[in-house]
1. Once you sort the root eigenvalues of the Cα gyration tensor of region 224-307 as a ≥ b ≥ c, which label holds: rounded (a/c under 1.5), prolate (a/b larger than b/c) or oblate (the other case)?
2. Out of region 220-284, which chymotrypsin sites (Phe, Trp or Tyr not before Pro) are coil in DSSP terms and have no more than 14 other C-beta atoms within 10 Å?
3. Looking at the chain as a GNM with Cα springs under 10 Å, which of ILE222, ILE236, ILE330 has the largest mean-square fluctuation?
4. Can you give the Kirkwood hydrodynamic radius for region 358-430, in Å, rounded to one decimal and based on Cα pairs?
5. I want to verify a result. In a Gaussian network model of the chain, Cα cutoff 10 Å, which of these has the top mean-square fluctuation: GLY161, GLY86, GLY338?
6. Can you pull out the trypsin sites (Lys or Arg not before Pro) in region 327-405 that DSSP calls coil and that have at most 13 other Cβ atoms within 10 Å?
7. How much length would be gained if the chain were fully extended between ALA445 and ARG345, taking 0.36 nm per residue of separation minus their Cα-Cα distance, in nm to one decimal?
8. Taking the Cα centre of region 243-364 as origin, work out the dipole magnitude from +1 charges on Lys and Arg Cβ and -1 charges on Asp and Glu Cβ, in debye rounded to 20.
Amino acid sequence: MAEPRLSRRALLVAGGLTAAALVGGGALAVRATGGGPADGPPLPRPEPLGLRAGADGVLRGELVAAPTGDGLRYNGVNPLVELREGDRVSLGFRNGLDVDSSLHLHGLPLAPAVDAPLEHQAPGGSRVQEFTVPAGTAGTYWYHPHAHGGVEWQILAGLAGPVVVTGPTDDLLRGCDDRLVMFTRTGREVGVNGVVRPVFRPTSGRTRLRLLNATPGDHLLIGVLRREDRVPMHLIATDGGFVEAPVEVAEVLLAPGERAEVLVETSAAGRLELTALPYSTYGAGGAATPRSRLAAVEVPEGGLAAVPLPGRLREVEVLDPATAVRRRRIAFGGDGTGGFTLDGRVFDHHRVDLTAGLGTLEVWDLVNEHTTDHPFHLHSYRFQVVARDGRPEALTAWRDTVNVPPGGTVTIAVPFLGEAGRTVYHCHIASHEDQGMMGVLEVTA
């Protein structure tokens with residue numbers, strides 16, 4: 001069977017895969033390339049959170065938000081939370097700031113009562129989230145604060161960290177060099193795992209890049225270049241985990257909050273550059289960001305042994321919009337005074353904006369009536385993109401975040417599975433969320 005491919009338009013339209021960089025270790029010479037800025041340090045690997053298994057088999061740990069010498073961090077280093085499908089987890093959060101904060105495990109399909117996005121912890125306050133990691137959720141996620149009105153500045157100050165969930169499908173990729181890459185805003189630069197323009201040396205002829213856009217507002221159109229030539233990537237996972245089979249792509253658009261996993265061939269000696277390509281959040285013809293190098297990959301002289309591309313990864317259920325019990329229209333807009341709205345209203349945590357029934361399927365048309373891109377994010381309930389501007393989606397995949405360009409309509413199918421409760425949906429540009437582009441959803445049993 002021919003290898004599946006998606007065109008540039010299909011990926012931009014189908015995706016919201018966040019930008020990715022490459023991680024590595026080993027001392028590498030710092031050098032300037034092509035007259036551009038010098039390379040940075042070797043890309044660090046995130047330090048893992050020490051989860052401890054009790055006699056009852058539950059993994060326990062705590063994340064503490066607190067000031068550091070150069071900003072804010074969880075546990076001083078924003079540790080990597082490593083989980084596996086089926087794990088029973090008790091994860092504590094403690095607020096060591098002098099303002100309200102909270103902890104949101106972005107993308108994990110947790111019950112609304114566990115996620116509790118409308119709850120904030122006062123200074124010195126704490127809270128514990130207890131859950132079992134659902135089957136079929138192996139993938140890349142992250143955690144960050146969700147205290148309304150303070151989300152943007154707290155993320156910019158440094159409160160964001162990675163979550164990796166593994167499962168049986170990961171066994172198919174054991175021959176690959178597995179690298180987690182988290183993009184954050186570092187002053188005027190986009191950093192990768194806390195440093196700017198890092199370099200890494202792969203240890204395998206095929207590298208798995210777990211791409212995570214943890215910036216509060218940067219859209220990143222990511223490509224891999226060898227000199228000026230594009231190097232093909234193979235998409236293996238989106239926000240909600242693995243796709244059915246690797247799909248060849250030339251670039252991946254990652255809106256704030258989005259994740260994607262790609263495989264890159266790293267067998268041939270030489271230098272690859274992970275690059276943010278020009279992209280406009282104002283639509284065709286709008287002002288675009290300049291091209292910039294995010295990270296570099298140095299494949300050692302003599303190259304590395306080739307690793308075959310995996311075949312089928314897993315089965316992904318295809319939702320049938322014809323079985324939906326309701327179709328809704330949700331519009332992104334502005335209030336004319338600098339605020340941002342959903343369906344003409346700014347956020348009010350006392351108001352329920354939408355209600356849905358547990359166990360039902362709904363179709364939502366996400367309509368952008370504003371002048372710039374808006375990435376839509378839904379808590380607790382994953383969805384699939386059905387169409388973009390009326391054209392069927394090329395890729396069947398689970399998501400929790402999807403970009404909606406100005407003047408565009410993205411149609412999604414949302415199955416309300418799991419547990420009932422009250423949660424939120426919002427634009428994942430943090431300043432837009434803080435200024436009112438968020439709504440309250442109540443799912444009833």
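1. Working: a/c = 2.57, a/b = 1.31, b/c = 1.95.
Oblate.
2. Details: sites: PHE242, TYR279, TYR282; in loops: TYR279, TYR282.
Loop-located and lightly packed - TYR282.
3. Checking each option, the largest mean-square fluctuation is seen for ILE330.
4. Numbers: mean 1/r = 0.0784 Å⁻¹.
About 12.7 Å, per the Kirkwood formula over Cα pairs.
5. Judging by the Gaussian network model, the answer is GLY338.
6. On the way: sites: ARG327, ARG328, ARG329, ARG345, ARG351, ARG382, ARG388, ARG399; in loops: ARG351, ARG382.
Hits after loop and neighbour filter: ARG351.
7. Values: separation 100, 0.36 × 100 = 36.00 nm, distance 2.65 nm.
Fully extending the segment from ALA445 to ARG345 adds 33.3 nm.
8. Details: 12 positive and 17 negative charges, 84 e Å.
About 400 debye.
Here, each number is a calculation from the coordinates, and none is a lab measurement. These numbers were taken from a predicted model, which means no experiment stands behind them. Cβ coordinates were reconstructed from backbone atoms using ideal geometry, including for glycine residues, and neighbour counts include every protein chain displayed.
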